[in-house]
Amino acid sequence: MTTADDNKDIQTISPSAPDTSTNVNSKANAKSKPNSKTKRKTPVEPVILQEKDIDEKHIRGSGNGGQKINKTSSCVQLMHRPTGTIVVCQDTRFLQQNRKIAYKRLKEKLDLQINGTASKIGKKVEKLRARKHKQRQRAKKKYQQNEVAESDDPEQTFGPCDTER
């Protein structure tokens with residue numbers, strides 16, 4: 001048996017009622033054209049790690065941390081067999097945290113090898129490279145302007161070695 005409340009719910013859900021919000025958005029979307037200046041994204045191949053491709057070793061750590069680091073096997077070494085990529089992680093004292101960090105680094109490293117500049121790390125490197133290039137250009141322009149201003153100085157007719165004695 002259906003009650004009056006059930007009928008109200010059915011009426012509000014029915015598709016026959018016009019949805020004004022989608023009509024407004026669809027008109028706005030129809031008017032907008034893709035910008036010709038937008039960059040086309042290169043397809044990025046996702047990195048998939050499979051357990052059969054990875055050799056995981058737990059080795060004893062070394063370095064700072066004293067006796068505890070030297071006695072426990074909390075350092076993780078991962079090797080990706082198909083590519084031969086090796087990642088070692090000993091950031092924390094705990095094995096599980098080191099495993100997570102090592103898998104993350106291995107995935108990033110493989111992403112860089114497979115996708116190159118389209119990878120996450122590749123994009124960061126390109127952004128840094130562009131920023132440094134821009135800084136060098138600004139410095140070059142600044143010092144060229146200073147040289148021009150100094151050469152126009154009328155008081156400076158002699159260099160430090162050309163003065164008369």
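Descriptive notes on the structure:
- Candidates Ile121, Ile114, Ile101: the one that is at pLDDT 95 or above and hydrophobic (A, V, I, L, M, F, W, C) is Ile101.
- The residue list Glu155, Glu108, Glu147 contains one member that is acidic (Asp, Glu) and at pLDDT 85 or above, which is Glu108.
- Going through (1) β-branched (Val, Ile, Thr); (2) at pLDDT 70 or above; (3) part of a loop (DSSP other than H, G, I, E, B); (4) farther than 25 Å from Val125 by Cα one by one, Val44 falls short only on (4).
- Filtered residues of segment 127-143 (kept if over 25 Å from Thr117 (Cα atoms) and either of a type in the set (S, T, N, Q) or open to solvent by 100 Å² or more (accessible area, probe 1.4 Å) (or both)): Arg138, Lys140, Lys141, Lys142, Tyr143
- Hey, Lys134 closer than 28 Å to Val44 by Cβ and in contact (Cβ under 8 Å) with a residue 24 or more places away in the chain or not: no
- Filtered residue count, segment 81-128, keeping only those that are of a type in the set (A, V, I, L, M) and within 25 Å of Ser62 (Cα to Cα): 7
- For Gln96, the requirement of being touching an Asp or Glu at 6+ places or on another chain (Cβ under 8 Å) and over 15 Å from Val47 (Cα atoms) is not met.
- Verdict on Leu112 being under 26 Å from the mean Cα position of the chain (by Cα) and surrounded by 15 or more Cβ atoms within 10 Å (Cβ to Cβ): yes
- Taking the criterion of being open to solvent by 60 Å² or more (accessible area, probe 1.4 Å) and either farther than 21 Å from Ile114 by Cβ or in a helix (DSSP H, G or I) (or both), the residues of segment 60-87 that qualify are Arg60, Ser62, Asn64, Gln67, Lys68, Asn70, Lys71.
The values are calculated or read from the model by the stated rules, or taken from the named source; none is laboratory data. Keep in mind the model is a prediction, meaning the values are calculated, not measured. Cβ coordinates were reconstructed from backbone atoms using ideal geometry, including for glycine residues, and neighbour counts include every protein chain displayed. Remember, those area values only see protein heavy atoms, side chains included, never the ligands or the DNA or RNA. Shrake-Rupley method; radii C 1.70, N 1.55, O 1.52, S 1.80 Å.
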